[in-house]
Amino acid sequence: MCGIVGYVGDRLAAPILLDGLSRLEYRGYDSAGIAVVESGKALTVRKASGKLSVLVESMKGAAPTGFSGIGHTRWATHGGPTEVNAHPHTDSNKNVVIVHNGIVENYLELKERLQAEGHRFTSETDSEVIAHLMESLMGRGLVFEEAVRMTAQRIQGAQAVVAMNVQEPGTLVAFRLGNAGGITVGYGQREMFLASDLPALLPHTSQVAFLAPGEMVSVDAREARFRSVQGAPIHKSPQAAPYDAVAIAKDGYRHFMLKEIMEQPGTVHRAIGGRVSFEPADVLLPDFPFTPAQVREVNRIVLTGMGTSLHACMVARYYMEQIAGVPAEIDNSSELRYRNPILDSRTLVVSVSQSGETADTLGAMEEAARSGAKQITICNVEGSQTTRMAHGTVFIGVGPEIGVASTKCLTGSLAALYLLATYLGKVRGTVDQARMTGLLNDLASAPRLIGQALEQREAFGRLAHEYADYYNFLYLGRGINMPVAMEGALKLKEVSYIHAEGYPAGEMKHGPIALISKDMPVVALAPRDHLYDKMRSNIQEVKARGGKVLALVTQGHHDLAGVADGLIEMPSTPYLVSPIVNVVPLQLLAYHMALERGCDVDQPRNLAKTVTVE
Ligand code: AGP
């Protein structure tokens, strides 16, 4: 969602802020702005609707020249994506300026009160009340830092805020409430940085500290002072950032999404590596938080996440049942959190979130914590909120994912979930040494098989050319590849804006079949597994109704050649590993369809990389 940057030091702030914002563009946004205090203490605010390039263009030759400032990319919640609604927002007298991520749930009540006091509002946003509230509190005699702290106590909901005040331009004050995204402090030489995400900081420093919910920080060019929003001092030392800048470059690829698809043989290898041994075969999860007795008392696993991470959960249900031997269910986090689910200390809740900051997943985890359930999270970002909330984390370990459409994090999280299930199975006695060897050998084949799938990369450009003019797609799959069909449809929607639905193939006759026509291609996952014959029948049913079928099949099995309109041939893959491999061609198809339609692949409209509001 919104991206935040802040700078204070002895260099010109504007170029640093704009560069930082450009490194957060991947998060998804619809307008951008910066505020800089110029010498003579004037506050300059520059904003623009649309892409960051519009803002940069508007400032050519006229960039503000101060040495401290804040910047923001906005993902609209309250009020459209206009220049007026873009951040930063100021108070009535342009003394206080803020950038904000999250939703001020009591903003209407606060706004009415502030308007009655004489504050003049200019935008439709909830965020603007924050600046006015700080102004109001300073008017009652509070120094700036205290006004920020009191504001944090009066606004409701999850937020991350950075504030600046023209009277003290060398100080930025930030706070974090709940889980609306993070605030990271970057330590430089005689300069300090603030950002919602690491990529904005990494060109400048690798020494960072993270704000936890309920914490605030005041930074000047020399130091950062942490407190709780209740006022208690907190000691925090900078630590080494978990990513490096090289890892987030495009490496010569046209888009991050393509780079991240293509690097999956390596990233899946990384997700597995270090956690398995082969002589003898074993899974090693050294930081696993539960004792063998606690693992054995688990009688149910609830897998939860959103979007692509929910699809990972749907696949992992097979892992938990078939490998670990534990009944497993899946639940969309936004539903789980409000359903008063029946969970207890014998339930293991496994949450999946590549970012570790998804508001709904965090809400579901809070609900699980209240009921005393055991919690493991699967996450790609060290230090993120889910990793602090769960009892233990299995890191995905695939390096930063910048494309908004998740690709390598899915295959990495599937590998992590497979390892988790294998570990649970070992402890619970469902995985003996022979099975362990088989399971790990199967998983170890995934990087090679993904590599083989990627060898056909060129073919997807041609397929996309053939299919890009259709407006609706149906994706069908069965068994463990049913969630892959759903993920294929999600990828296509996200990056090419083509309407697509993923269904269990068996469900087709119960409604979706009414949609079948020559104008709605069906992408059918038909690998040679125990469900192949049923899938083949479903494909025949589509063809019998004049439908067009693009079938994903196992290499060397050509009996669909005369039936389907197009074939994507995949290497033969062990059943439980097959989703990790079969999703790759669907990612490539979505990518090339988006290119064919001229879409902004890495920053699709309306989407955000980290969804920090409900
Ligand atoms: C994936 O392509 C999407 N951008 C989205 O569905 C995403 O998977 C979802 O928002 C969950 O994110 P998380 O893994 O960071 O929790």
Trypsin sites (Lys or Arg not before Pro) lying in DSSP loop within region 105-176, provided at most 16 other Cβ fall within 10 Å = ARG120, ARG140
request  = Would you work out which of GLY547, GLY438, PRO341 lies farthest towards the positive end of the dipole of the chain? Charges go on Cβ: Lys and Arg +1, Asp and Glu -1.
outcome  = GLY438
inquiry  = List residues of region 376-412, by number, whose backbone nitrogen lies under 17 Å from a label position 7 Å along Cα→C-beta of GLU297.
reply    = 376, 391-392
query = Using r as the Cβ-Cβ distance of LYS60 and SER228, and R0 as 56 Å, what FRET efficiency do you calculate, to the nearest 0.05?
reply = 0.85
key: Isotropic mean projected area of the C-alpha convex hull, region 254-318 (nm²)   = 6.8
request  = Consider a paramagnetic label point 7 Å from the Cα of ASP442 along Cα→Cβ; state which residues of region 578-610 have an amide N under 15 Å from it.
outcome  = 578-582
note = Listed by chain and number, the lysines with an alpha carbon less than 28 angstrom from that of LYS543, same-chain partners under 8 positions apart left out, are LYS491, LYS493, LYS509, LYS518, LYS534
query = Based on the Kirkwood radius over alpha-carbon pairs, what value in µm²/s does the Stokes-Einstein equation return for the translational diffusion coefficient of the chain at 37 °C and 0.692 mPa s?
reply = 129
task = State, in angstrom, two size descriptors of region 92-185 derived from its alpha carbons: Rg to one decimal place and Dmax to the nearest whole number.
result = 12.2, 36
query = Fully extended, how many nm does the chain gain between THR122 and ASP432 (0.36 nm per residue separation, minus their Cα-Cα distance)?
reply = 104.9 nm
message = Sort 133-139, 467-473, 593-599 by the packing proxy (mean of other Cβ within 10 Å over each peptide's residues), most packed first.
response = 133-139, 593-599, 467-473
query = Which length gain, in nm to one decimal place, applies between SER39 and SER371 when the Cα-Cα distance is subtracted from 0.36 nm times their residue separation?
reply = 114.0 nm
key: Pairwise FRET efficiency - HIS78 versus GLU335, Cβ, R0 = 22 Å, nearest 0.05   = 0.35
note = FRET efficiency for ILE513 and HIS558 from the Cβ-Cβ distance with R0 = 25 Å, rounded to 0.05, comes out at 0.45
task = Determine which residues of region 217-239 fall in the zone a paramagnetic label at GLN153 would reach in this model, i.e. backbone nitrogen under 11 Å from the point 7 Å along Cα→Cβ.
result = 229-232
message = For region 540-614, what does the convex hull of the Cα positions come to per residue, in cubic angstrom?
response = 178
task = Calculate, in nm to one decimal, what ASP600 and TYR253 gain on full extension: separation in residues at 0.36 nm each, minus their alpha carbon distance.
result = 123.5 nm
ask   = In region 185-271, which trypsin sites (Lys or Arg not before Pro) are in a loop and have at most 14 other Cβ atoms within 10 Å, using DSSP for the loop call?
value = ARG190, ARG222, LYS250, ARG254
inquiry  = Debye calculation, C-alpha points only, no solvent: report log10 I(q)/I(0) for region 531-579 at q = 0.23 Å⁻¹, in the same order as the q values.
reply    = -0.87
ask   = When all protein chains stay in place, what accessible area (Å², nearest 10, 1.4 Å probe) is found for PHE67?
value = 100
query = Cα-Cα over 25 Å: which of LYS51/LYS609; LYS94/LYS236; LYS111/LYS236; LYS51/LYS250?
reply = LYS94/LYS236; LYS111/LYS236
message = Using the Kirkwood radius over C-alpha pairs as Rh, can you work out the diffusion coefficient of region 1-67 via Stokes-Einstein at 20 °C, viscosity 1.002 mPa s, in µm² per second?
response = 176
remark   = For the chain, the helices passing both cut-offs (Cα extent along own axis of 27 Å or more, Kyte-Doolittle mean at least -0.5, full DSSP H runs) are 408-428, 578-596
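The values are calculated or read from the model by the stated rules, or taken from the named source; none is laboratory data. The shown structure was predicted, so the numbers you read here are calculated from the model rather than taken from an experiment. Heads up, the Cβs are rebuilt from the backbone with ideal geometry, glycines too, and the neighbour counts pull from every protein chain shown. For the accessible areas, the whole protein counts, side chains as well, though only heavy atoms, and no ligand, DNA or RNA atoms are used. Shrake-Rupley method; radii C 1.70, N 1.55, O 1.52, S 1.80 Å.
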